[in-house]
1. Residue check: is B:ALA196 at pLDDT below 95, surrounded by fewer than 24 Cβ atoms within 10 Å (Cβ to Cβ) and either touching a Pro at 6+ places or on another chain (Cβ under 8 Å) or small (Gly, Ala, Ser) (or both)?
2. Assess whether A:ILE272 counts as being in contact with a helix residue (DSSP H, G or I) (Cβ under 7 Å, 6 or more places away or on another chain), hydrophobic (A, V, I, L, M, F, W, C), within 14 Å of chain B (Cβ to nearest Cβ) and in contact (Cβ under 8 Å) with a residue 12 or more places away in the chain.
3. Would you say B:ALA293 is touching a Cys at 6+ places or on another chain (Cβ under 9 Å), among the aliphatic types (A, V, I, L, M) and under 25 Å from B:ALA22 (Cβ atoms)?
4. What number of residues within region B:202-225 are within 23 Å of B:ASP87 (Cα to Cα), touching a helix residue (DSSP H, G or I) at 6+ places or on another chain (Cβ under 7 Å) and more than 7 Å from chain A (Cβ to nearest Cβ)?
5. For region A:168-196, name all the residues that are more than 28 Å from A:SER72 (Cα to Cα), touching a Gly at 6+ places or on another chain (Cβ under 8 Å) and hydrophobic (A, V, I, L, M, F, W, C).
6. May I ask you to verify whether B:HIS185 is more than 14 Å from chain A (Cβ to nearest Cβ) and under 18 Å from the mean Cα position of the chain (by Cα)?
7. For residues that are part of a loop (DSSP other than H, G, I, E, B) and among the small types (Gly, Ala, Ser), scanning just region B:322-333, find the one that is surrounded by the most Cβ atoms within 10 Å (Cβ to Cβ).
Protein chains: 2
Amino acid sequence: MLNVTKPCRIIGTGMHVPTAVASDTIEAKHGLPVGWSLEHSGVDTRHWITTETVAELGSRAAQNALDDAGVSLTDVDVMITAGGTSDQHIPSQAALTLALMKGGDQARCQAFHVDTTCLSFITAFRLASDMLQDGEIRRVLVVASEVASVGIGPANWETMTLFGDGAAAVVLEASASEKAGVVKHSHRLYTEGVRAAEIPGGCVAKWVEDYAFAPELHHFQMDGRELLRLTLKHLPSFISNFFEDTGTLWNEVSWTVPHQASKTGLGVIPKIAKVKPDQVVNILETYGNCISASIPMALHHLMTTRGLQQGESVLFIGTSAGYSIGALLYQHG
Amino acid sequence: MLNVTKPCRIIGTGMHVPTAVASDTIEAKHGLPVGWSLEHSGVDTRHWITTETVAELGSRAAQNALDDAGVSLTDVDVMITAGGTSDQHIPSQAALTLALMKGGDQARCQAFHVDTTCLSFITAFRLASDMLQDGEIRRVLVVASEVASVGIGPANWETMTLFGDGAAAVVLEASASEKAGVVKHSHRLYTEGVRAAEIPGGCVAKWVEDYAFAPELHHFQMDGRELLRLTLKHLPSFISNFFEDTGTLWNEVSWTVPHQASKTGLGVIPKIAKVKPDQVVNILETYGNCISASIPMALHHLMTTRGLQQGESVLFIGTSAGYSIGALLYQHG
């Protein structure tokens, strides 16, 4: 058993995705060779919205997580929406998602939005675990919902075939027992990579009144080679620092639930971690990279296929635009 | 002395604003009667960017706060950017602001962005105070930076003359003494008001590729009458719940630092609170409503004009798009 620093417990998970889009449909539409998507981005199916919003995906995933936990929205003290995409500039995504939930108008929770792009769920989980220590907060609903598809275009086949839309949510509860909870969280921002993954336009810096839509401004730009360089440069020391005072090592962790960043990114993990591939949850092929929703979607997949036993540990880990690395080690109990 | 639930201490504040724009300049340009802005929105001068960004304003305010605290960026464990506006969709504003700071590339802090629109600073302060309880986090830099001016237009004279751009930052430090820190924080979202203040376009729900710039989509829309109705309906019970278990009353608080929402909004406070007007910090006339930056700008004004004495208490309070009400009671020591 590991030393839990912030007792809390996952009591429910849920997810929701829009319509599935098969790779061969995309390949046919854009004249890509058959099988290109699976070979290069590692994705066979992703899900893309037609008319849905971030709030719609998120509110349905949140309801599924509440149902799984057997609690209702009025049992929730804090709702945290997490993500790099949102429906409107104002109000916050937290307000928009809560407003769509059944009983949202009767909710008595506080609600806020947290953004560290792909690491938003990990950051929100950490903040939730902090809040659950204060004795007043009993339950926190964390909702990661992302619509990536509107901001991708055919100029970059890799991003177009890689990204999917989806949402997943987790209900966390305060725990009197120190058997369950957060063992450690770390997040580090390396500003040398601030331009390695971005949507440059659409907000204050290139406001839409002055800069009309242009693919190079409003479609996601990703320098995959630079992101890999940053990961290979910084991940090893991040990991050794992370595990230093935890009393464990990555290859002793029960389950690794990584961000589903890319085929290359996921492929690196078993090598660095020296963990068995079947201890690394991989849903890339069927869902693609859903930004911050990928990690809780992979957690939900783990929960519904294998379940999480008392005493098992889960390492949530990923990289994000920023450039950032984040990890959170959780022990179930 | 009040009962502090989360010990921590404000050790520095700083602010930064772009060029001042006088009301008579706006009135002349748009054919408004001379004196209209001061009479109707309560604003004589606000500050609007020319080429600056949210990150530029924020990074300068943050450096000023670090200088005031006598610490450097490497002494900071967590940077939280707070606000309803940001420079780009991706990466998060936290990455963009840190990247512009002197020594940002050497920072060892984690960094994330929090959004509850106008209440973002209060939410970030609360999260900072939670994080400062864990023994590992020593210092948190909270940076609220907002550029409102790009999203306002002449179709609504009140919003156009009311809003300003600006940034302010606070350095919070862990405290062994229980004399200083957060006494209480509350935040409540009332989804009935989700459409009362919004920018409907620009993000996923009305993506710029499908919805080109239009004032009704990309300029801030505010139903002032509805916001006042929501405030009069919900604020009294929010306040009585807030003070119930604090051992104090609003009129016993040393200083009220409210969101500089509007002339009407600020005018309501002394009546509801039964506090003397000179205990309510009011900088509306010289800065306008700077969204989430208004509260820390008002705090900085208090710090530099009167200072905060040991044992004095400050109530940060405001309303925001959402519709939300938030309050945080802090005791200095």
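1. no
2. Numbers: in contact with a helix residue (DSSP H, G or I) (Cβ under 7 Å, 6 or more places away or on another chain): yes; hydrophobic (A, V, I, L, M, F, W, C): yes; within 14 Å of chain B (Cβ to nearest Cβ): no; in contact (Cβ under 8 Å) with a residue 12 or more places away in the chain: yes.
When the stated conditions are applied, A:ILE272 does not pass them.
3. no
4. Summing the residues that are within 23 Å of B:ASP87 (Cα to Cα), touching a helix residue (DSSP H, G or I) at 6+ places or on another chain (Cβ under 7 Å) and more than 7 Å from chain A (Cβ to nearest Cβ) in region B:202-225 gives 5.
5. Matches in region A:168-196: A:LEU189, A:VAL194.
6. no
7. Looking at residues that are part of a loop (DSSP other than H, G, I, E, B) and among the small types (Gly, Ala, Ser), I get B:GLY322.
Residues checked against (1) aliphatic (A, V, I, L, M); (2) more than 27 Å from B:SER72 (Cβ to Cβ):
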residue	(1), (2)
B:ARG139	no, no
B:ALA144	yes, no
B:GLY151	no, yes
B:PRO154	no, yes
B:GLU158	no, yes
B:LEU162	yes, yes
B:GLY166	no, no
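The values are calculated or read from the model by the stated rules, or taken from the named source; none is laboratory data. Because the structure is a prediction, the values reported are computed rather than measured. Backbone-built Cβ (ideal geometry, glycine too); neighbour counts: all protein chains shown.
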